[in-house]
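One structure is given here, and the rest of the page talks about it.
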Protein chains: 2
Amino acid sequence: MFNNIDLYIGYLAAILTTFSFLPQAIKTIKTKCTKGISIVMYSMFTIGVFFWLVYGILIKDYVIIFAESITFLFAFIILFITFIEFYKENRK
Amino acid sequence: MFNNIDLYIGYLAAILTTFSFLPQAIKTIKTKCTKGISIVMYSMFTIGVFFWLVYGILIKDYVIIFAESITFLFAFIILFITFIEFYKENRK
């Protein structure tokens with residue numbers, strides 16, 4: 001088992017970082033509370049994940065394509081709600 | 001220039017996603033406002049980034065080591081402050 005340990009650690013890292021955005025997306029959808037969230041972070045992060053997706057497509061790496069599509073979905077939801085709350089807040 | 005386009009896109013993606021956590025770390029340090037932040041997300045994400053770092057060390061990829069060390073630093077700061085605020089909130 002130990003000769004592929006790097007592969008298992010890589011997959012574990014990918015699963016954790018990819019699905020870590022699910023609890024944030026759920027919390028943001030449920031509470032609509034985005035006060036502590038940095039809109040600059042999620043703008044940069046979502047664009048960055050989009051480029052990871054393009055990168056995965058260019059090098060035909062289906063693990064990257066799969067992981068980044070999921071992360072992009074969650075990050076985009078969080079960014080979208082953060083923008084809406086930011087807009088509502090500044091319209092008052 | 002176009003025959004290495006995938007490399008440039010990969011680096012751009014790495015830079016954006018790595019440094020996207022800097023504005024969130026700054027906002028969290030400045031405001032100590034972690035209300036909208038998911039503690040589950042940052043726990044999963046910080047552990048995941050730690051495993052990416054271990055992965056980078058195992059395969060001796062200095063780009064991954066460099067990028068994940070920076071992301072780990074920012075994510076750990078955000079997680080640490082979120083835990084403190086979460087603890088303060090629940091002690092009331």
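It is to be established whether one or more residues within the range B:60-67 are more than 25 Å from A:Lys27 (Cβ to Cβ) and not in a helix (DSSP H, G or I).
yes
Mind listing just one residue for me: the one in the range B:38-92 that is of a type in the set (Gly, Ala, Ser) and surrounded by 19 or more Cβ atoms within 10 Å (Cβ to Cβ) and, of those, farthest from A:Ala14 (Cα to Cα)?
First pass over the range B:38-92, keeping only residues of a type in the set (Gly, Ala, Ser): B:38, B:43, B:48, B:56, B:67, B:69, B:75.
From what's left, surrounded by 19 or more Cβ atoms within 10 Å (Cβ to Cβ): B:38, B:48, B:56, B:67, B:75.
Values: B:Ser38: 19, B:Gly48: 7, B:Gly56: 12, B:Ala67: 15, B:Ala75: 16 Å.
Selected residue: B:Ser38.
Could you pull out the residue among B:Ile29, B:Ile70, B:Ile78, B:Ile37 that is modelled with pLDDT of 90 or more, among the hydrophobic types (A, V, I, L, M, F, W, C), under 15 Å from A:Met41 (Cα atoms) and not in a helix (DSSP H, G or I)?
Working: B:Ile29 fails: not in a helix (DSSP H, G or I); B:Ile70 fails: not in a helix (DSSP H, G or I); B:Ile78 fails: not in a helix (DSSP H, G or I).
None of the others qualify; the one that does is B:Ile37.
Specify the residue that is farthest from A:Glu89 (Cα to Cα); the eligible residues are those in the range A:20-34 that are within 9 Å of the chain's Cα centre (by Cα) and within 7 Å of chain B (Cβ to nearest Cβ).
A:Ser20
What is the residue count in the range B:35-72 for residues that are among the charged types (D, E, K, R), more than 8 Å from chain A (Cβ to nearest Cβ) and over 18 Å from A:Phe19 (Cα atoms)? First the steps, then the outcome.
Let us first name the residues in the range B:35-72 that are among the charged types (D, E, K, R), namely B:35, B:60-61, B:68.
Now drop any that are not more than 8 Å from chain A (Cβ to nearest Cβ), which leaves B:60-61, B:68.
This time we only want the ones that are over 18 Å from A:Phe19 (Cα atoms), so: B:60-61.
Number of matching residues: 2.
Given (1) farther than 28 Å from B:Asp6 by Cα; (2) exposed (fewer than 15 other Cβ atoms within 10 Å of the Cβ); (3) of a type in the set (Val, Ile, Thr); (4) in contact (Cβ under 8 Å) with a residue 40 or more places away in the chain, where does A:Thr31 come up short, assuming only one miss?
All conditions are met except number (4).
Does A:Leu16 satisfy the criteria of being at the interface with chain B (Cβ under 8 Å from one of its Cβ atoms), under 12 Å from the mean Cα position of the chain (by Cα) and at pLDDT 90 or above?
In short, yes.
Which one of these does A:Val63 not meet: (1) in contact (Cβ under 8 Å) with a residue 24 or more places away in the chain; (2) closer than 27 Å to B:Gly36 by Cα?
(2)
The values are calculated or read from the model by the stated rules, or taken from the named source; none is laboratory data. This is a predicted model, so every value here is computed, not measured. Note: ideal-geometry Cβ built from the backbone for every residue, glycine included; neighbour counts use all protein chains shown.
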